[in-house]
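A.B. asks: I have a structure here, written as structure tokens, and I will follow up with some questions on it.
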Amino acid sequence: NSRLSMTPNLLLLDVREPHELEIAAILASMGAHVETADEPDVTFGYDGATWDVACKLIYSKSSVTLNDRIEKGITQILAGPSDYGLVCVGITNRVNHRQFMPLQEFGDGTHAWGVFGSPDDAAKAMHHTLRKTHKTIAAESEVRFVRARENHKFRGIVTVLHAVVGVGPIATLLTTTGFIPRAELLGEAITGPEAFVVKRWNDRMQDVFAG
């Protein structure tokens, strides 16, 4: 199996999936020691704990396909050796991006790209899209994710959305991350280091993609 190892000061390039490389690089920029392999896709050590991450880039709009891929990711992380596990789902390719910069048609037949009045308004639209995906995942939680219920190593699902949005006179790339913790997905009163790790992860995503 090919393997890629990253530290905050070292990046060894290998042929990996772009989504996986993106996540590995973000985690390394947090100060984590990161490795990638075939399964699970990314492993890292951070703040005294080790984590397995299964990275899934979703293209299909089907809820069945989405949750099938998540279940596969759960199986992968539970087979890994680390203390905790997360599934990271990239949804950029499964959503309608016209909502972020819609084409407007005027009475005289001319067209113009619609824009948001502020970055905050654009971010709200992206968060709304993430929430819709979260609802799609949660809608099947009672009949899905059986293996996750049996093993507390699974700590939740991270969602990532990149989009080019119109903000005032310019088009810009924005990135939004979401998190469905185990407690919310499976209705269990369990907490751990995942909230802190995912918040740090999101902060680094914003730093990197905001330039």
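A.B. asks: Note down the nm distance, to one decimal, between modelled labels 7 Å out along Cα→Cβ at His33 and at Lys199.
C.D. replies: According to this spin-label approximation, the distance is 2.6 nm.
A.B. asks: Which residue, Asp41, Asp120, Asp108, has the most motion in a Gaussian network model of the chain that connects Cα atoms within less than 10 Å?
C.D. replies: Evaluated over the chain, the most mobile residue of the options is Asp108.
A.B. asks: Sticking with this structure for a sec: Within segment 127-167, list the residues whose amide N lies under 19 Å from a label point set 7 Å along Cα→Cβ of Asn93.
C.D. replies: Zone members listed by number: 130, 133, 158-164.
A.B. asks: Pick out, from Gly48, His134, Leu78, the residue whose Cα sits farthest towards the positive end of the charge dipole of the chain, with +1 on the Cβ of Lys and Arg and -1 on the Cβ of Asp and Glu.
C.D. replies: Working it through, the farthest residue towards the positive pole turns out to be His134.
A.B. asks: Using only Cα atoms and rounding to the nearest 10 degrees, what angle (0 to 90) does helix 63-78 make with the longest principal axis of the chain?
C.D. replies: Compared with the principal axis, the helix lies near 30 degrees.
A.B. asks: While we're looking at this one, here's another question. Could you list which residues have their amide H under 5 Å from that of Lys56, counting only those 5 or more apart in sequence or on another chain, with H placed in the peptide plane?
C.D. replies: Amide H neighbours of Lys56: Cys88, Val89, Gly90.
A.B. asks: Which lysines, on any chain, are close to Lys153 with Cα under 20 Å apart, when same-chain ones fewer than 8 places away are left out?
C.D. replies: The qualifying lysines are Lys56, Lys72, Lys199.
A.B. asks: In addition: Once phi is turned into θ = phi - 60°, what whole-Hz ³J(HN,Hα) does the Karplus curve with 6.51, -1.76 and 1.60 give for every residue of segment 53-62, x standing for Gly and Pro?
C.D. replies: So the J values, rounded to whole Hz, are 10, 9, 9, 10, 9, 9, 10, 6, 7, 6.
A.B. asks: If you count only protein heavy atoms and use a 1.4 Å probe, how large is the accessible surface of Ile26, to the nearest 10 Å²?
C.D. replies: Estimated to the nearest 10 Å², Ile26 gives 10 Å².
A.B. asks: Whenever you get a sec, compute what percent of the accessible area on the chain sits on carbon and sulfur atoms (1.4 Å probe).
C.D. replies: The nonpolar share, carbon plus sulfur, comes to 54 percent.
A.B. asks: Now, a different point. With the crude spin-label approximation of a point 7 Å out along Cα→Cβ, what separation in nm comes out for Asn151 versus Lys135?
C.D. replies: 3.2 nm
A.B. asks: Determine ³J(HN,Hα), in whole Hz, for all residues of segment 136-143 in sequence, where each value follows from phi through the Karplus function 6.51 cos²θ - 1.76 cosθ + 1.60 and θ = phi - 60°; x replaces Gly and Pro.
C.D. replies: 5, 5, 5, 4, 10, 5, 6, 10
A.B. asks: Defining a contact as two alpha carbons under 8 Å apart and six or more residues distant in sequence, what relative contact order in percent does segment 161-211 show?
C.D. replies: 32 percent
A.B. asks: Can you send over the solvent-accessible area of Glu20, 1.4 Å probe, protein chains only, in Å² to the nearest 10?
C.D. replies: Counting only protein heavy atoms, the figure is 10 Å².
A.B. asks: Counting only residues 5 or more places away or on other chains, whose amide H sits under 5 Å from the amide H of Phe179 once H atoms are built in the peptide plane?
C.D. replies: Thr159
A.B. asks: Same structure, new question: For helix 18-29, what angle does its Cα long axis make with the longest principal axis of the chain, in degrees from 0 to 90 and rounded to 10?
C.D. replies: Roughly 70 degrees between the two axes.
A.B. asks: If the label point is 7 Å along Cα→Cβ of Val208, which residues in segment 132-170 have backbone nitrogen under 16 Å from it?
C.D. replies: Label zone hits: 158-163.
A.B. asks: A further question follows. What FRET efficiency do you get for Thr75 and Leu173 if R0 is 25 Å and r is their Cβ-Cβ distance, rounded to the nearest 0.05?
C.D. replies: About 0.15, to the nearest 0.05.
A.B. asks: Follow-up. For the chain, what does the helix formula give at 222 nm: sum of -39500 (n - 2.57) over DSSP H segments with n ≥ 4, over the residue count, nearest 500 deg cm²/dmol?
C.D. replies: Helices in the chain give a 222 nm mean residue ellipticity of -11000 deg cm²/dmol.
A.B. asks: Continuing with this model, one more query. Compute, for Phe145, the solvent-accessible surface of its heavy atoms (probe 1.4 Å) with the complete set of protein chains present, and express it in square angstrom to the nearest 10.
C.D. replies: Per-residue accessible area (Phe145): approximately 0 Å².
A.B. asks: I've got another one for you. Excluding residues on the same chain fewer than 8 positions from Lys135, give the aspartates and glutamates whose Cα lies under 19 Å from its Cα.
C.D. replies: In chain and number order, the partners are Asp68, Glu71, Glu184, Glu188.
A.B. asks: How high is the relative contact order of the chain, given as a whole-number percent (alpha carbon pairs under 8 Å, six or more residues apart)?
C.D. replies: Rounded, it is 17 percent for the chain.
The values are calculated or read from the model by the stated rules, or taken from the named source; none is laboratory data. All of these numbers come straight from a predicted model, not from anything done at the bench. Methodologically, a virtual Cβ is constructed for each residue, glycine included, from the backbone with ideal geometry; neighbour enumeration extends over all protein chains shown. Side chains included, ligands, DNA and RNA excluded: accessible areas come from the protein's heavy atoms. Shrake-Rupley method; radii C 1.70, N 1.55, O 1.52, S 1.80 Å.
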